[in-house]
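Written out below as C-alpha cells is the structure these notes cover.
The values are calculated or read from the model by the stated rules, or taken from the named source; none is laboratory data. Remember, predicted model here, so these are calculated numbers, not experimental data. Cβ atoms come from the backbone with ideal geometry, glycine included; neighbour counts cover every protein chain shown. Protein only, heavy atoms only, side chains kept; ligands, DNA and RNA dropped before computing areas. Shrake-Rupley method; radii C 1.70, N 1.55, O 1.52, S 1.80 Å.
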Amino acid sequence: MKTITSDINLINTWARSMGGVFSLGDLRNLLNENGDIQLYRRINALIESAVLLRFKREFYMIPDCTTEILSQRIYSDSYISLGSALAKHLMIGSIPSKTLYSVKRGRNRTFTADFGSLVFVGTNPDQLFGFEYHDAIRYATPEKAFLDTLYYHQKGQQFSFDIYTDINVSALNTGTIETWLKKYNNPKFVTFVKGVISGYNQ
C-alpha cells in the first residue's frame, strides 16, 4: 500500500511538468526501478488505480492528457496538420474527434487506443516547416495545413471532407502559398494546388 501511494504521489507531482505523458524511461527513472518485472508491476498498479493509461508499451499518460501533447511526445519533430489543423483554424467543419493527424519526419505511423487514434504521415526534413505554436503545441498554419492536405491527397490519403468543396480557401494567404510551393520542387503538385484554388474562385 505504501508503494502505490508513494507512486501515485510521484505521478501527480511530475504530471504537469511532463505534459501528462511519461515514457517508459521516464517512469523507470521516476520510480527508481531498474528491474523490468518490478517496474511493470508498479506501472500496472498505477493503471489499475486509474492514475495512468497505457497508450502503447513505451508511453503512458494521465487520464486528462490531451492527444495533442501525446502526439508530440511520441514524435518530437511532428506538428499537427491536415484536417486537425484545418478544423482548428475554422477552415473546415468538424472532423472525427477521436483522430488526430500530424506530420513527422520519416514513414507513416498510426497508433490506436481506446480513447482514439494518432495518425502520423511521413515527410522529408525539407517539408517540416510552416507551423506555429498554440499553447506550446505545434500546429500547421492555415496555408501549410492546406498544402499538406493536398500533398497527401495526391499520395492517396483519405479525408472525411471534400478537398474541392469543404475548405474555406478565401481565408488563405495566397502569397504565402506561392512562396511555399517553391519548396516542393514538384511542378505537378504546383499545378494541382493552383487548380484547386482556381476551382474555389470560380
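Kindly indicate whether any position in region 171-178 is at pLDDT 95 or above, in a loop (DSSP other than H, G, I, E, B) and of a type in the set (S, T, N, Q).
yes
Which members of region 118-138 meet the condition of being in contact with a helix residue (DSSP H, G or I) (Cβ under 6 Å, 6 or more places away or on another chain) and not in a loop (DSSP other than H, G, I, E, B)?
Of everything in region 118-138, those that are in contact with a helix residue (DSSP H, G or I) (Cβ under 6 Å, 6 or more places away or on another chain) and not in a loop (DSSP other than H, G, I, E, B) turn out to be 118, 121, 137.
Out of 90, 150, 128, which single residue is aliphatic (A, V, I, L, M), in contact (Cβ under 8 Å) with a residue 24 or more places away in the chain and open to solvent by 50 Å² or more (accessible area, probe 1.4 Å)?
Within the list 90, 150, 128, the selection yields 90.
Would you point out the residue of region 163-202, among those that are open to solvent by 100 Å² or more (accessible area, probe 1.4 Å) and among the polar types (S, T, N, Q), that is nearest to residue 85 (Cα to Cα)?
170
Taking region 42-83 only, how many residues are within 15 Å of the chain's Cα centre (by Cα), in a loop (DSSP other than H, G, I, E, B) and more than 18 Å from residue 7 (Cβ to Cβ)?
6
Out of all the residues in region 131-147, which are of a type in the set (Asp, Glu) and either open to solvent by less than 20 Å² (accessible area, probe 1.4 Å) or on the phi > 0 side of the Ramachandran plot (or both)?
135
Against the definition (at pLDDT 90 or above, within 16 Å of residue 113 (Cα to Cα) and either open to solvent by less than 50 Å² (accessible area, probe 1.4 Å) or of a type in the set (A, V, I, L, M) (or both)), how does residue 80 come out, yes or no?
Values: at pLDDT 90 or above: yes; within 16 Å of residue 113 (Cα to Cα): no; either open to solvent by less than 50 Å² (accessible area, probe 1.4 Å) or of a type in the set (A, V, I, L, M) (or both): yes.
No, not satisfied.
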